[in-house]
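Down below is the structure, laid out as C-alpha cells.
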Amino acid sequence: MKQPKILSIDTVLVQCEGNIVSDMDGEKVMLSVQKGKYFNLGQVGGDIWSAISTPRSVKEIIESLQQIYEIDADICEQDVIPFLQHLLKEDLIRVADAE
C-alpha cells in the first residue's frame with residue numbers, strides 16, 4: 001500500500017479522471033466510478049473541486065476560498081489541507097507533477 005503524500009502549501013493538485021460530479025441544492029456530490037463510492041463534497045468542497053479542474057497549488061486554493069468566504073488564512077489552511085489530504089487518499093485528486 002502506497003504511503004499518502006503529505007501536502008504542503010506549495011503542492012500542486014489536480015482532479016483525477018473518471019469521477020461523475022453533479023450539483024444537488026448547491027452542494028457537489030461525486031461518484032467515484034473506480035471505487036463505486038459516493039462522496040458529498042458540500043458547498044465549500046465543491047468550490048475546492050472546481051478550483052482544481054486545472055492544476056492549482058494548495059496556496060492558490062486557500063487564497064481563492066479566502067476571497068469567496070472572507071476567512072482568515074490560517075483557519076482556511078487548517079480546514080482545507082485535511083480535506084485535500086482525504087481527497088488524495090481516496091484517489092479523487094492527484095499531485096499534478098506526479099504523472
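Read-outs: derived from the displayed coordinates by stated rules, not from any lab. Everything quoted here is computed from the prediction, not taken from an experiment. No Cβ is skipped: glycine too gets one built from the backbone with ideal geometry, and neighbour counts run over all protein chains shown.
Considering only trypsin sites (Lys or Arg not before Pro) in DSSP loops that have at most 15 other Cβ atoms within 10 Å, the longest stretch of the chain without any of them is 36-99. Ranking Gly46, Gln34, Ile71 by how far each Cα lies toward the positive end of the dipole of the stretch 12-92 (charges on Cβ) leaves Gln34 at the top.
Here the relative contact order of the chain, from alpha carbon pairs under 8 Å that lie six or more residues apart, stands at 34 percent. Rounded to the nearest 20, the size of the Cβ-charge dipole of the chain about its Cα centre is 560 debye, with Lys and Arg at +1 and Asp and Glu at -1.
Can you tell me which of Ile68, Ile52, Ile81 moves the most in a GNM of the chain? Springs connect C-alpha atoms under 10 Å apart. Looking only at Ile68, Ile52, Ile81, the biggest GNM fluctuation is shown by Ile68. Each Lys or Arg adds one and each Asp or Glu takes one away; over the other residues whose Cβ falls under 10 Å from the Cβ of Ser32, this sums to 0. In vacuum, with every alpha carbon of the stretch 12-92 counted as one equal point scatterer, what does the Debye formula give for log10 I(q)/I(0) at q = 0.18 Å⁻¹? Two decimals, please. Rounded to two decimals, the profile gives -0.72.
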